[in-house]
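Structure first, then comments.
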Amino acid sequence: MLDASPSLPPRAGVGYKPQHYSDILDAAGPLGWLEIHAENYMGDGGRPIAQLRHLAERFPISVHGVGLSIGGQSDLDRDHLARLKHLVDWLNPASFSEHLAWSTHDSHFLNDLLPLPYTDRTLTRVAAHISQVQDTLGRQMLLENPSSYLAFAESEMDEPAFLSELVKRTGCGLLLDVNNVFVSATNLRTSPQAYIDAFALDAVGEIHLGGHDEDEDETGAPLLIDSHGAAVVDPVWALLDYTLAKSGPKPLLIEWDNDVPEWAVLADEITRADAALALA
Amino acid sequence: MKVTQSQFQAGLLDPDTPAPKGLVNPDGAQASKRYDVYRNNVAVSLADALESAFPVIRKLVGAEFFRAMAGVYLRKHPPQTPLMMFYGDRMPVFLKRFEPARSLPYLPDIARLELAMRRAYHAADASPISGEDLSAIPPDALMGARFSLAPAVQVLTSDHPIHGIYAANTQPDAPKPVSGPQSVLITRPVYDPVPHLITEQTAVFLNGLRDAQTLGVAMSLAGTGLDLGRVLGLLLSQNAITELKGPSS
């Protein structure tokens, strides 16, 4: 008999890094779940898969894809979708999420989350890709809002409206990255609170928090860069509180992918996220 | 002004191509440095992936040379799939033709070795046979038996001392490599791949087994002087044999 699909608890989770394997098993603290990048677990076997199998016995797992290119102009890569299905089938994770972005074009994978204009035409295409993913995996997926550094002159609607319409058309859920909201709002000179106000919070199945770098564009305007390589800054924690007050508790992830610190630093961020959830 | 993904992509790997028109900053002016963020993300993330794939090559040529070389490689061979764990598989051929690295003729074979180690790390798990399983084959049937090797097992031959160079750059107490050809067997007893120095004869023998030849045929391919007991002992101790089929099976 199969167990019912697990779901992510409304607690603090962390992006799993192999160097923290023992720390997580020995002293998880308030850690409630783990997120992995799907593409790192698409080998045939060996240590990565063995560690994942073991961790999945202890923690709910969220599978976060970074390579599906859902916002791509071309068809989804069927081989890649099949690899993803294989992973999701054997792991039966609590959640699967991907990005409102593209990364593959002309069979070149660019290893970055690239932006798309928000138009009727792109809406139709992205909705079709989400439906194809959900049909293939046999489950709902969450779609994450991107970090924006620039805008498309051709865009016809704003991002929260674009995402809400995708939810309506496909039944997908949303992954709300609060750091991305802050980064995009700073870069595009809009209000992060207004973005949250307009966001379909009922559809949110997971919240991300991460760090960013600060730079300037050629006009001297602030240019924040989503680096996943630093601690979450206070204005982003404040924006999280603003969000949680409206949404109630949600599964909350600390993302730290570059210049990964020792476990104690992440444990502090997890504790702070846990405290924010307790107040929600 | 529409920006297609072809137009967006064109400049990502070409610093001389200006940002596409139609990408704007909050004032509606043409984005330039803002587009460079994507250019930078792509180049840096791919160069980082190559660095983690080829730590020994990087040590041999130096960090600065490697970064510059990675910049050339990633523009010539962008990834074809999102599996970054296997990015860099054309590095051996690239290095063969990369003029600034001509003075280090062993680099392409070191790249082959690093790729093989990584493939071994991610290879499928296997259930090894034991020495008892091997002894259960009657001696007169042994020469007609066929062996299946674990998916992680790989054999490389080179005109250069690749095992010595690899060891000297990964282990603190390894001896200085001596010039001359070397062959390497890679095994993965559990999770960590191990490179073993083997004779060229052993390499021929193992390739015979891999091609599903019988033990007898693989031995005759290798010629006289093969220390069969030693090779089989190594394979058994490294969990490298997964199946033994007698002549009748």
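The values are calculated or read from the model by the stated rules, or taken from the named source; none is laboratory data. Since we're looking at a predicted model, the values are computed, not measured. Backbone-built Cβ (ideal geometry, glycine too); neighbour counts: all protein chains shown.
A compact table of results
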| item | result |
| --- | --- |
| Total residues in the stretch A:7-32, condition buried (at least 22 other Cβ atoms within 10 Å of the Cβ), more than 14 Å from the chain's Cα centre (by Cα) and under 20 Å from A:Leu87 (Cα atoms) | 0 |
| Sole residue being out of contact with any Phe, Trp or Tyr (no Cβ under 7 Å at 6 or more places or on another chain) and surrounded by fewer than 15 Cβ atoms within 10 Å (Cβ to Cβ), chosen from B:Ala101, B:Ala70, B:Ala43, B:Ala63 | B:Ala63 |
| Boolean, A:Pro192 is in contact with a Ser or Thr (Cβ under 6 Å, 6 or more places away or on another chain), farther than 27 Å from A:Gly32 by Cα and modelled with pLDDT of 95 or more | no |
| Meets criteria (under 20 Å from the mean Cα position of the chain (by Cα), among the polar types (S, T, N, Q) and within 10 Å of another protein chain (Cβ to nearest Cβ)) for B:Thr4 | no |
| Residues of the stretch B:47-81 satisfying the condition of being more than 9 Å from chain A (Cβ to nearest Cβ), under 30 Å from A:Leu84 (Cβ atoms), free of Cβ contacts under 8 Å to residues at least 40 places away in the same chain and aliphatic (A, V, I, L, M) | B:Ala47, B:Ala70 |
| Qualifying residue in the stretch A:187-195 (condition: surrounded by fewer than 24 Cβ atoms within 10 Å (Cβ to Cβ) and among the hydrophobic types (A, V, I, L, M, F, W, C)) | yes |
| Some residue of the stretch A:222-229 being surrounded by fewer than 22 Cβ atoms within 10 Å (Cβ to Cβ), hydroxyl-bearing (Ser, Thr, Tyr), in contact with a Gly (Cβ under 7 Å, 6 or more places away or on another chain) and on the phi < 0 side of the Ramachandran plot | yes |
| Residue, farthest from the other protein chains (Cβ to nearest Cβ), within the stretch B:174-196, restricted to residues that are closer than 19 Å to B:Ile129 by Cβ and in a loop (DSSP other than H, G, I, E, B) | B:Pro189 |
| Residue that is farthest from A:Ser97 (Cα to Cα), among those in the stretch A:52-70 that are assigned to a loop (DSSP other than H, G, I, E, B) and more than 13 Å from chain B (Cβ to nearest Cβ) | A:Phe59 |
| Among the residues listed as B:His163, B:His196, the single one being within 26 Å of the chain's Cα centre (by Cα), surrounded by fewer than 17 Cβ atoms within 10 Å (Cβ to Cβ) and under 30 Å from A:Arg47 (Cα atoms) | B:His196 |
| Test: residue in the stretch A:177-190 that is away from chain B (no Cβ under 13 Å), touching a strand residue (DSSP E or B) at 6+ places or on another chain (Cβ under 8 Å) and polar (S, T, N, Q) | yes |
| Scope the stretch A:182-201; condition of a type in the set (A, V, I, L, M, F, W, C) and either outside any helix (DSSP H, G or I) or touching a residue at least 60 places away in the same chain (Cβ under 8 Å) (or both); matching residues | A:Phe199, A:Ala200 |
| Positions within the stretch A:71-100 being surrounded by fewer than 23 Cβ atoms within 10 Å (Cβ to Cβ) and assigned to a loop (DSSP other than H, G, I, E, B), in sequence order | A:Gly72, A:Gln73, A:Ser74, A:Asp75, A:Leu76, A:Asp77, A:Asn92 |
| All positions within the stretch A:121-152 that are in a loop (DSSP other than H, G, I, E, B) and farther than 21 Å from A:Ala198 by Cβ | A:Gly138, A:Arg139, A:Gln140, A:Met141 |
| Pairs where the first residue, in the stretch B:15-42, is more than 7 Å from chain A (Cβ to nearest Cβ) and farther than 22 Å from B:Ala70 by Cβ and the second is aromatic (Phe, Trp, Tyr) and outside any loop (DSSP other than H, G, I, E, B), C-beta under 8 Å, 6+ apart | B:Ala19/B:Tyr35; B:Pro20/B:Phe8; B:Pro20/B:Tyr35 |
| Filter pass, A:Asp241 being at pLDDT below 95 and surrounded by fewer than 20 Cβ atoms within 10 Å (Cβ to Cβ) | no |
| Qualifying residue in the stretch A:203-212 (condition: more than 14 Å from chain B (Cβ to nearest Cβ), surrounded by 21 or more Cβ atoms within 10 Å (Cβ to Cβ) and in a helix (DSSP H, G or I)) | no |
| Unmet criterion (only one of (1) surrounded by fewer than 18 Cβ atoms within 10 Å (Cβ to Cβ); (2) at positive phi) for A:Arg53 | (2) |
| Which numbered condition B:Ala150 misses (of (1) surrounded by fewer than 20 Cβ atoms within 10 Å (Cβ to Cβ); (2) touching a Ser or Thr at 6+ places or on another chain (Cβ under 8 Å)) | (1) |
| Number of positions in the stretch B:82-124 that are within 14 Å of chain A (Cβ to nearest Cβ) and either in contact with a helix residue (DSSP H, G or I) (Cβ under 8 Å, 6 or more places away or on another chain) or of a type in the set (D, E, K, R) (or both) | 14 |
| Single match in A:Ile49, A:Ile36 (criterion: modelled with pLDDT of 95 or more, part of a strand (DSSP E or B) and within 26 Å of B:Pro189 (Cβ to Cβ)) | A:Ile36 |
| Options A:Ala128, A:Ala161; residue that is among the hydrophobic types (A, V, I, L, M, F, W, C), within 20 Å of A:Gly65 (Cα to Cα) and out of contact with any Leu (no Cβ under 7 Å at 6 or more places or on another chain) | A:Ala128 |
| Residue count, the stretch B:127-142 (criterion: at pLDDT below 95 and surrounded by 15 or more Cβ atoms within 10 Å (Cβ to Cβ)) | 3 |
| Matching residues, the stretch A:21-48, being facing another protein chain (nearest Cβ under 9 Å) and farther than 26 Å from A:Asp112 by Cβ | A:Asp44, A:Gly45, A:Gly46, A:Arg47 |
